[in-house]
Structures are given as C-alpha cells and as structure tokens.
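The values are calculated or read from the model by the stated rules, or taken from the named source; none is laboratory data. It should be emphasised that the depicted structure is a prediction, and the values quoted were computed from it without experimental measurement. As a convention, Cβ positions derive from the backbone with ideal geometry for all residues, glycine included, and neighbour counts pool all protein chains shown. Areas reflect the complete protein model, heavy atoms only, side chains present, ligands, DNA and RNA absent. Shrake-Rupley method; radii C 1.70, N 1.55, O 1.52, S 1.80 Å.
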Amino acid sequence: MGHFVPHTDRDIERMLADIGLSSLDELFEVVPEALRLAGGLDLPAGMPEPDVLAEMDRLAALNRFGSDLICFAGAGAYDHEVPSATKRLTFRSEFVTAYTPYQPEVAQGVLQALFEYQSLISRISGLPIANASLYDGASAAVEGVNLAVAAKKRPTVWLSGGLHPHWRATLATFAAGTGHRLVDVPLRNGVTDWSAMDPAAAGAPVEAPAALVVASPNYLGAYEDLKAARHVADAHDALLIAGFDPVSSGLLAPPGDLGADVVVGEGQPFGTPLSFGGPYLGLFACRSEQVRRLPGRLVGRTVDTEGRPAYVTTLRAREQDIRREKASSNVCTNQTLIAVACMIQLSWLGTAGLREMALRCARGTRYAREALTAIPGVELLTDAPTLREFALRTPVPATVVVERMADEGFLAGVPVGLDGGVVTDSGDALLVAVTERRTKAEIDNYVSCFEKVVR
Amino acid sequence: MSSVTPTAAAPGGRATSAPLLGRDHEPTIFEFSSEGRRSFSFRTTGLPEWTAEELVPAGYLRPEPVALTEVSERDLVAHVTRLTHRQYSVDLGAYPLGSCTMKYNPKLCDDAASLPGLAAVHPATPAALAQGWLELLWSLGDSLCEVTGMHACTLQPPAGAAGELTGLLLMRAWHESRGERRTKIIIPDSAHGTNPASVTLGGYQTVTVPSDERGLVDLEALRARLDSDVAGIMLTNPNTLGLFEEDIAAIAEAVHEVGGLLYYDGANLNAILGVTRPGDMGFDIVHMNLHKTFAVPHGGGGPGAGPVAVSERLAEFLPGPVPARGDDGTFAWRTPSRSIGRVHTWYGNALALARAYSYILANGGDGLRRVAEGAVLNANWLRHRLRGTYDLPYDRPNMHEFVASTTTLKKDRGMRALDVGKRLLEKGFHAPTVYFPLIVDEALMIEPTETESPETLGALADALIAIAGDEPGEGAAAPRTTPVGRVDEALAARVLLPTWDAVAAHDAS
C-alpha cells in the first residue's frame, strides 16, 4: 500500500468488504465534500529509502562540524565526549520506540532508568527531588519560575543579568501568558550585583520577588556567589532558583548545598551530541516541601503484587491531564530518551570520571585563556573565576573573528554583549568554551590563528 | 463476519515470544557499584596537569567528589540491556494507545538523524556554515504548511503541549495587536487535559462546550457561549472519540463571526493526511505532534516535536528565529516583525525534526494519503469486529481511532476497562488508552494505526473478544506474565521514594 503500510490490495478489498464498503474513499464520507482535498497534497512523490538517505546526506554535507570546524563554542551547548557505550545503549529500540510508561507492568525498563536518572540528578544538584526531565534548560527555568510564583503567590521574579539570553527570552515569552513580572538584575564585574536591588539604589520601593533566578557559572562562565544570593532571597522571603552547569558539579559545591530551593540546568553535556540545539535535556530538582508543585513526571519506587521492587510514575494528581485548568504546568511529553542517555553517561563517568571531566575542562580553559589574553588587544570581559568558558574583548568584532576563524577550521566561539549589565546574544565580545575534548595541539593552533585574525 | 486471515500468516505485531528471563527484579545501578571500578576514558590532550586546587578558588571547590557510581562498562551495559528486556515497545509489538498514534518508526529515520553532518553541528554555528540544517528546517516547515493548509510555521516547540501554549500566546498577541484583551478560550468536554492546562498558562479562562448525542461539538451550545470576550476555540478534529467534526465549517464561521480564532490540536492529524486540511476547515493555528503523525519515535515519553503553523495574518507573530530562503537560494535566520519571542533555547528538537523530514520524503504526498487511509481502515475494521462484544457508545463511522466501553461487561461480570488493558498485556499487546475521554464510562480508546497488518489486527480483535469472556476476577489478577505484576501505585504516592538515597534512608528508618 505504501512504504510503511503493510496492506496488500487483497487485504484492503477484504477489509472494506468486512465493513460493508467498496472503496477507500468511502471511509472519508464523514468529511464534508467541500472540505475534501481535491488533487492531493502538493508534495513530491515518495522516494525509495536510498534516495531519501542520499538527500539527507546532501543536506548534511552542507554543514560544517567536527574536525573541519573544531568547536570552541559553548553558550549552553558543549562538545563533550559521547562514548560508544552511551551511543549504542541509547539507541536500543526498546527505549527509542516505547511510549510514556502508563502501563508500569510493561514499562519497568524506562521507569527504572528514570528512577536512576532522578537519583543521579538529585546528587549532583544537591536537592532531594529531581523530576524525570523537562524539554531544555530554558523550559526548566520557566517551570522553576512558575513553581515559585505558585508557592509564594507573588508575580514578580528577579532575573540575574548573567542568565543565558535565550533562557531570558523564553521566560519573557511565557510571562506574557502568566502575567509574571520579570525584573533584570545587572551584572557588575561579570557577576550579579544584588545591591542594585536595594530600595536606595533602585531609587524606588522594590516589589518583593517570589524568586531570584541566577546561574552559576553564569553565561559569561563566571562563578556566582550563591550564598550571597541566598541571603538576598531570605531578606525577601523568596525562593532561590539556581541555574547550574551540571559538569561543574564535578569540582564545585552543588547549588542545593549552597541554599538553592530549585535547581535547573541544561543536561546536554551528559551524553547528548550537539544536535544543532535539540533534543536536549531540562534538569529540574527541588526541595521536598515543593514536591506537590513539581512540574512534569516523577517516578517512585514501590512494590508489585509479589512484593518485588517496582517503579511507577507517582503523585500523578499534580499532572496536567488530571488537574486540567488548575494545573500550574502543562508538561506531559518530556525528554525521557535524553534522560536515559544522561543516566547512562553519568554511570559511565562515575564518581571519578565526573571530577576528571570537570578538571580537564578547567585545565584546557586556563591554558587557552592565558594564551589568548597574551595576544595584544585581547582582554577578558571579566576576570571572575571560571571553569570552561570565558568572554573576551577582541580588537575586531566577534562576528568577524568567527567568520575568519572558520576559514582556519575553527568554530571560534559565540558573539556576546552586555546591555545595561544584562548579557545579550549578540555583541562585540566573544564567548569561548574549552571542553575535555580539546587537545593542547588544537588550542595552540587555535591561538596562533586567533592572533592572526584579530590583527 | 469473514476473517481477513484465511492463510496461516502469523500476526507480526503480537509480542508473545518476548524474552522474559526469570522472575527476579533488576538491581539498581547503585547496587553494582564497587569502589575503584571505572568505565570512563578521555582524549590524550598533552595539557599541563594542574590540580583542582590550582584551578578553582578554595571557597568554591567541593571537598569531596559528588558520589555517583563506580561500575565497569561491562556491568553498565549488562544492566541497561536487562532494563530494555523489561520494556514494551513498538518494535516489539502493537501499541493501540488511543490518541497516541504509536505507529512503526522507520529505521531509515534513525539513520537520517544520526548523520554526523546533522548530529554533530553546534547550534551557534553561523547560518552560512549550517546551510544544510537551515534548508532542512525550511523545507520541513514548507511541507508541514502544505499538509495543514497553513501559511508559515515555527519548529521550535519541543512537544505538543509546548505547541499548544505557543498557539495560545499567538492568539493573545494577535488580539492585543488589535487593541483587544479577550479572556476566554472554548474547549469541548472531550478535550485532552493538556488543553485546559495550556489555556490557564496562556492567561485565559476555559469555557467548556458539551458534546451532543453524536459525540460532536454541540453547535447550539457553542453559539450560546460565543461573545466578544472569546479569544478562540481549541479543537481536535477528528476529536478524541475518533469522530470527524462534520459541522466544522459552521463552527469556524460562528467563531470568526465574534472575532475569535480557531486552534487545531494536531493530536489526531494522522487521520486526515492528504484527505482534508485544517487550513481548509477554517483553522488559524495548528500544532502538530511529529512524534505521532510523522513517526518520530516516542522515546519512552519524549523527545517529541510540536511545530505550530499559522495562517497568513498570524505569520509575523511566530516565535523566532525562523529559517528564510533568500532570492539567491541561500538560507538565513529571520525573526518575524512582531514575534512573540523564543519558546526554546535553540530551534526546537532538531534531530526529531530531521527524522520527520526523512519520513515525509519517503512517503511523499501520495504516501501520506495512504497513511490516513490505512489508519482509518484499520480503526473501522476493528470497531466492526468488537461490535456485540464491547459497548460502542458512538457506533458510527470513525476516523483513525474509536472508543469502546466495558459498561455492560462491568454491570454483568464486574469487568473494568483497566482489567481489559492488563489482560491484553498478558496476550502480547500493549493496552489501549483507558478512562479517556472522560465523557465515556469505562472507556477503551483504541488506535491501531496504519502500520499494523490485518493479521495483527485480527489477533488483537481475537484477544479482546477472548478477554470479554474471562471468568470474573481474572482481570483483577492480571498481568501475570509481565516482568512485574500489578504495581502498588497507592504505596508509591504514600511513601514517596523518588531516589536511591530516599530508598536507603527509608530502609534504614
């Protein structure tokens, strides 16, 4: 009948006869004639599989990547190792082609993998509850804000100027529906300047926020002082939502230990290729007292009729399909397969591997940073401490650097700017990331090309 | 009724030979941990080996590494592989979950999305160096507009629910651009629960319109609810009963009359591919679930993709950036002039979008029509087979799915929809959607999809008919052949154990 429709003409004839019809068109008689599409869809005819792959190959060949464009770009998407074990296991079709685990008796594989994922994210975030994933870092931030506003019943939220500009943009988009008031808190010397929110400094009474949202490391790669942010949050009885780079938890104290009530992040660094931006993985963890407001799915361990350990999605009454218009989140489909990849990757890394990964990022970053800032006219945007990313002022605009470096075989970084202390996704500065995959030879070559192109 | 399987062909979609090894539970990854075991391996870099203390200021450095696991790669692979043996999937057998469109996911699309030239590209790569990706996304958007009869499209929403909310924010922006602040969205009582949740997050109030005895939107009740405060209506067509809203043209006219917009929930788009189009029905905004209609695998609950297509008057409100084709045939990013803003960190679930594009190329316009024909044929045939065994509260020509009920069986023998679902698991099939839509008592919502053969459908029908003859009590004991028996959901909610640490603390107390 078609590529993936198994019916033969004889099958169709028999089935139609069984239901008292004589043609396939009769199946659609319930569609008013005026609405029926005459002449079919204006799309090319179906293609044999090898032709489809050839076309996809043609498109793929128009992109530059890998050893042809060695990656020093980050901005929330990092070129980390994805080992064969993670790739092969994540492609197991039992994971790939399963539905949401609504029948737990035949979904223990996905459910247990998610339980293990939640357990690992809880540990790296430093909070007791982690959900089964959200879409990406931006959606995790949006859901964190929704949780905080519902918990505190106040519509104002303070956003650090160091948040990923695309997270900030996404928060603003959804705030149009919820009516949340988002207030920017500027950066000073590369980190959030909470003192700008003192009523005296602000020059007006400050509306008490439901939450503070701050990322550490922030978009410029700088560590924020989360304990100081906690004090500010306490002064306003607000929740502290910390965006984190999960790789940094290999070396840094987890945000939950430093006082965050909600931890959100982008999980792409653990087992997901760059993928042109998706599918990625929204990490979300919170304190126990917020569990009834947790967005998305949560897997819990229980027992079956024979008393054996078993897993099931739990606290379902929180979810949109049951709460309907009373829900504070509409998330249903999440990123389960990417969460499974993350669980496999974190297990492959293990205790020593996660630390080693973070350490190697920090080594390459320091080496590259020192070499680049030795180039005349190249300066750090901020000298705050950093793990694997930093922003540079360059003698020529960042877009020109990126363009010229591409000719040398490098993706030099991502243009970044500061507007009133708030980071933007365009500007004259350059955000450079160095992962554990970058060798000394690659960095040396990058630096010498950099020196050439900024002249 | 004659059988469609006169030959002895075995049903390919019946998973009765699945390897279920033993009756033990699978330990967690934490229980395989043994101090000093390692799997990881990194590149040789030649970089100076500075210590953590030399790299991180003392105030920030964590005193101990975060405790994960310490397992060998061999044990990790064995553990995860055993988990896969405890998991049902489309690749294993039929999955007739109503409203979920669990069709076969062609392997071709896996390979297309794995091409390094797609999977290894950084999202901040300048457009000039990522022309293949921009062309792919532009072409996919163009194809989706043709399929839905719309004008322009955003590919950013990463799931259906995200598409819904995006659509509602588009409605809001449209009305506000005309100086109007409307407050209400109408949805039918048969709608998915996601619809009202999205309405709330879009800043609107839900007004429910009842279904009539046909199972369709009650047109008079709808008219009574329409006024200048209605921002729009959200409809699934065919609806969640699998029925085509025959009055859609009149509905569209009435909603447009009061200045409202029509939102098409694409959950059931599979039924009408190449047959009719939301745009031709009068819809202004359409979201599609590429993980349903366009064979993107569901991944155990995502990632999906929920692109939103709109009519011409809404195009400039779409989230940006969107790929645009220049006169010279090159592609660039463009942000629509009145864009509502981003709804994703980057461009959406790009690799899922690549899968969907390869599926569309393989099928072509003609093949997509055959998808709808197969889906509707299978669902109608199965409904006919079940007549007389199960209640069919809306026994009229359906589209890609239909709703049966165990109301009579429950009254006579105590058989509930849930029991039927659990018994079906024992017979090598996934259960249908149960207890939805809410307007049907003891609902079994069945969507066989076009990719199941007549032999599989026949076996599924035989299994459902056999289950209806069960001795009382048999359903409550099911399932007995699955990796675990019925799961104590009440205990899971009462004693919340969402992590291994919580389990350890609970066991210690």
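Descriptive notes on the structure:
- The set of residues from the stretch B:451-477 being assigned to a helix (DSSP H, G or I) and at pLDDT below 95 comprises B:474, B:475, B:476, B:477.
- Per-region count, the stretch B:24-62, residues within 36 Å of the chain's Cα centre (by Cα) and more than 30 Å from residue A:308 (Cα to Cα): 1
- Total residues in the stretch B:360-403 satisfying the condition of being of a type in the set (A, V, I, L, M, F, W, C) and touching a Gly at 6+ places or on another chain (Cβ under 8 Å): the figure is 9.
- Only listed residue being buried (at least 24 other Cβ atoms within 10 Å of the Cβ), more than 21 Å from the chain's Cα centre (by Cα) and in the same structural domain as residue A:110 (by TED's automatic domain parsing), chosen from A:309, A:295, A:209, A:279: A:209
- Among (1) open to solvent by less than 20 Å² (accessible area, probe 1.4 Å); (2) among the small types (Gly, Ala, Ser); (3) within 26 Å of residue A:80 (Cβ to Cβ) - the single one residue A:329 does not satisfy: (3)
- Checked against (1) surrounded by 24 or more Cβ atoms within 10 Å (Cβ to Cβ); (2) more than 9 Å from chain B (Cβ to nearest Cβ); (3) touching a Leu at 6+ places or on another chain (Cβ under 7 Å), residue A:269 passes all but condition (3).
- Contact map, the stretch B:256-279: first residue on the phi > 0 side of the Ramachandran plot, second residue surrounded by fewer than 22 Cβ atoms within 10 Å (Cβ to Cβ) and not hydrophobic (A, V, I, L, M, F, W, C), Cβ cut-off under 7 Å, separation 6 or more or different chains; pairs are B:259/B:228; B:274/A:40; B:274/B:365; B:274/B:369.
- Exactly one residue out of B:438, B:496, B:491 is surrounded by fewer than 21 Cβ atoms within 10 Å (Cβ to Cβ), in a loop (DSSP other than H, G, I, E, B) and either small (Gly, Ala, Ser) or free of Cβ contacts under 8 Å to residues at least 24 places away in the same chain (or both), and it is B:496.
- Meeting the requirement of 3 or more residues that are out of contact with any Leu (no Cβ under 9 Å at 6 or more places or on another chain) and either open to solvent by 10 Å² or more (accessible area, probe 1.4 Å) or within 12 Å of chain A (Cβ to nearest Cβ) (or both), the strands (runs of 3 or more DSSP E) wholly within the stretch B:205-290 are B:205-209.
- Candidate set: the stretch A:48-67, residues that are hydrophobic (A, V, I, L, M, F, W, C), more than 23 Å from residue B:372 (Cβ to Cβ) and within 7 Å of another protein chain (Cβ to nearest Cβ); chosen: the one farthest from the chain's Cα centre (by Cα): A:53
- Of the set (1) open to solvent by 10 Å² or more (accessible area, probe 1.4 Å); (2) in contact with a Pro (Cβ under 7 Å, 6 or more places away or on another chain); (3) at the interface with chain A (Cβ under 7 Å from one of its Cβ atoms); (4) not aromatic (Phe, Trp, Tyr), all apply to residue B:153 but (3).
- Residue match in the stretch B:376-388 (condition: in a loop (DSSP other than H, G, I, E, B) and either touching a residue at least 24 places away in the same chain (Cβ under 8 Å) or within 18 Å of residue B:167 (Cα to Cα) (or both)): no
- The residue list A:203, A:221, A:190 contains one member that is on the phi > 0 side of the Ramachandran plot and surrounded by fewer than 23 Cβ atoms within 10 Å (Cβ to Cβ), which is A:203.
- Scanning the stretch A:294-340 for residues that are among the small types (Gly, Ala, Ser) and touching a residue at least 40 places away in the same chain (Cβ under 8 Å) gives A:296, A:300, A:310, A:328, A:329, A:339.
- Subset of the stretch B:56-83 (residues that are more than 7 Å from chain A (Cβ to nearest Cβ) and acidic (Asp, Glu)): B:64, B:75
- The stretch A:39-59 residues that are free of Cβ contacts under 8 Å to residues at least 60 places away in the same chain and over 13 Å from residue B:355 (Cα atoms), paired with ones that are buried (at least 19 other Cβ atoms within 10 Å of the Cβ) and of a type in the set (Ser, Thr, Tyr) (beta carbon under 7 Å, 6 or more apart): A:43/B:143
- Residues in the stretch A:30-47 that are more than 7 Å from every other protein chain (Cβ to nearest Cβ) and either part of a loop (DSSP other than H, G, I, E, B) or crowded, with 17+ Cβ neighbours inside 10 Å (or both): A:38, A:39.
- The lone criterion from (1) within 13 Å of chain B (Cβ to nearest Cβ); (2) in contact (Cβ under 8 Å) with a residue 60 or more places away in the chain; (3) not β-branched (Val, Ile, Thr) left unmet by residue A:161 is number (1).
- Criterion (within 14 Å of chain A (Cβ to nearest Cβ) and open to solvent by 10 Å² or more (accessible area, probe 1.4 Å)) met by exactly one of B:313, B:413, B:355: B:355
- Comparison of A:23, A:84 shows that the only residue that is more than 7 Å from chain B (Cβ to nearest Cβ), under 27 Å from residue A:411 (Cα atoms) and of a type in the set (Ser, Thr, Tyr) is A:84.
- The residue of the stretch B:25-55 that is surrounded by the fewest Cβ atoms within 10 Å (Cβ to Cβ), among those that are among the aromatic types (Phe, Trp, Tyr) and in a loop (DSSP other than H, G, I, E, B), is B:50.
- Any hit, the stretch B:201-210, residues being over 30 Å from residue A:170 (Cα atoms) and not assigned by TED's automatic domain parsing to the domain that holds residue B:437: yes
- Tabulated pairs, the stretch A:106-118, first facing chain B (nearest Cβ under 7 Å) and modelled with pLDDT of 95 or more, second open to solvent by less than 10 Å² (accessible area, probe 1.4 Å) and in a helix (DSSP H, G or I), C-beta under 6 angstrom, 6+ apart or interchain: A:109/B:83; A:109/B:84; A:112/B:83; A:113/A:340; A:113/A:343; A:113/B:83; A:116/A:343; A:116/B:29
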